[in-house]
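Worksheet for the structure shown next.
The values are calculated or read from the model by the stated rules, or taken from the named source; none is laboratory data. As the structure is a prediction and not an experimental result, all values here were calculated from the model. Note that each Cβ is placed from the backbone with ideal geometry, even for glycine, and that neighbours are counted across all protein chains shown.
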Amino acid sequence: PRHSFAHRAQKQKVWSPQYRVQPQASFKVAILGAAGGIGQPLSLLIKMSPLVSTLYLYDIAAHVKGIAADLSHCNTPSQVLGFTGTSQLANSLKGVDVVVITAGVTAKPGMTRGDLFSINVIIVKTLVEAVADNCPGALIHMISNPVNSTVPIAAEVMKQKGVYDPKKLFGITTLDVVRVNTFVAQKKNLKVVDVDVPVVGGHDGITILPLLSKTRPSVSFTDEEVLELTVRIQNAGLEVVEAKAGAGSATLSMAYAARFLESSLRALDGDESVYECSFVQSDVTDLPFFASRVKLGKKGVEAVISSELQGLTEFEQKALLALKPELKASIEKGVTFVQKQA
Ligand code: NAD
Ligand code: LMR
């Protein structure tokens, strides 16, 4: 199967404003945290999707209603509605096929994603409880950090509510793939649209492991290049946090990376060749959750591709061993948080 999203995206003109055709499908999407730095550009990109009939924007910030009004003037097929305040949360989720959770606080210079834990886990837990009550069959796309813990939290909440489907819960790590594809193309003078590098592990520091040896098109790297690129990708979030100097973390590249949503919608619509990397429940390692390439289908994860973890270089094998204890601890921290509150 072809794995290059970028290539397919170009062919299919994903996100292209010229792509104003009648919707081939009519999926309902809810974005929780829609008034935020990611939520706003993400909502704009989703408004351009021909696969979306209804876009529900929810935020505790009241101006989300204005954001919905603003977007609703774009002459693309979907209808946009804004919802604010906890009393409107349930209505923002009724009948929804995909829920994107991007609510929460962002890192300031000097903070890790893990530092966001104490505030964001409470927000995420409340939102996922509402998802379980109002649209238990929806796909959940978790953007809120720390993804390594918020995804296990979402799983526990759904389990407690008796509606957990591991195939429908995704931690969004697409930004790591977007970054490595960009950096490799720059370093190797390749056409960026052709480059495809899988990223496995998690979404924080050393848990982010780009498998440079699996780069397509096949390209060779020196040991120094591998180290430099790996460290840059692991710290790319920080690069943006520091450059924004207290004004937040990556928002525009993250919204772009939510091409994952468009991929999910295409898969729901019956496209059988959709692959993306994502942090999902998996048994490709001894950890309960792990990011790797997955095949998306009509019911969410159709298959987790384990073959890319074979034939790793010595550098990648060591990095994989090193990331596991940290990733395991983050997963357990999330699970414990929910279980303690039960
Ligand atoms: P932001 O502060 O600009 O926006 C967050 C939004 O969430 C705000 O509009 C806020 O009002 C809203 N919010 C807060 N509590 C809420 C609640 N209980 N219900 C609904 N809405 C609520 O932040 P941002 O830059 O958009 O980032 C959002 C999250 O995404 C952060 O946790 C950030 O770390 C994470 N992030 C993840 C990735 C990734 O690759 N997965 C990349 C970038 C950022
Ligand atoms: C990113 O990768 O940019 C985000 O996870 C935000 C962060 O805190 O680094």
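Figures for the structure shown
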quantity	calculated
Pairs with Cβ under 6 Å, 6+ apart, first in region 152-171 and farther than 21 Å from residue 202 by Cα, second among the small types (Gly, Ala, Ser) and surrounded by fewer than 17 Cβ atoms within 10 Å (Cβ to Cβ)	none
Filter result for the condition that a residue is surrounded by fewer than 17 Cβ atoms within 10 Å (Cβ to Cβ) and either in contact with a Leu (Cβ under 7 Å, 6 or more places away or on another chain) or among the basic types (Lys, Arg) (or both), over 65, 94, 47	94
Condition broken by residue 272, with the remaining ones in (1) in contact with a strand residue (DSSP E or B) (Cβ under 8 Å, 6 or more places away or on another chain); (2) among the charged types (D, E, K, R); (3) assigned to a helix (DSSP H, G or I) satisfied	(3)
Test: residue in region 49-58 that is closer than 19 Å to residue 129 by Cβ, within 21 Å of the chain's Cα centre (by Cα) and not in a helix (DSSP H, G or I)	yes
Residue in region 115-131 that is more than 16 Å from ligand 2 (Cβ to nearest atom), of a type in the set (Ser, Thr, Tyr) and over 22 Å from the mean Cα position of the chain (by Cα) present	no
Condition check for residue 172: at pLDDT 95 or above, under 11 Å from the mean Cα position of the chain (by Cα) and crowded, with 22+ Cβ neighbours inside 10 Å	yes
Qualifying residue in region 298-309 (condition: in contact with a helix residue (DSSP H, G or I) (Cβ under 9 Å, 6 or more places away or on another chain), assigned to a strand (DSSP E or B) and β-branched (Val, Ile, Thr))	yes
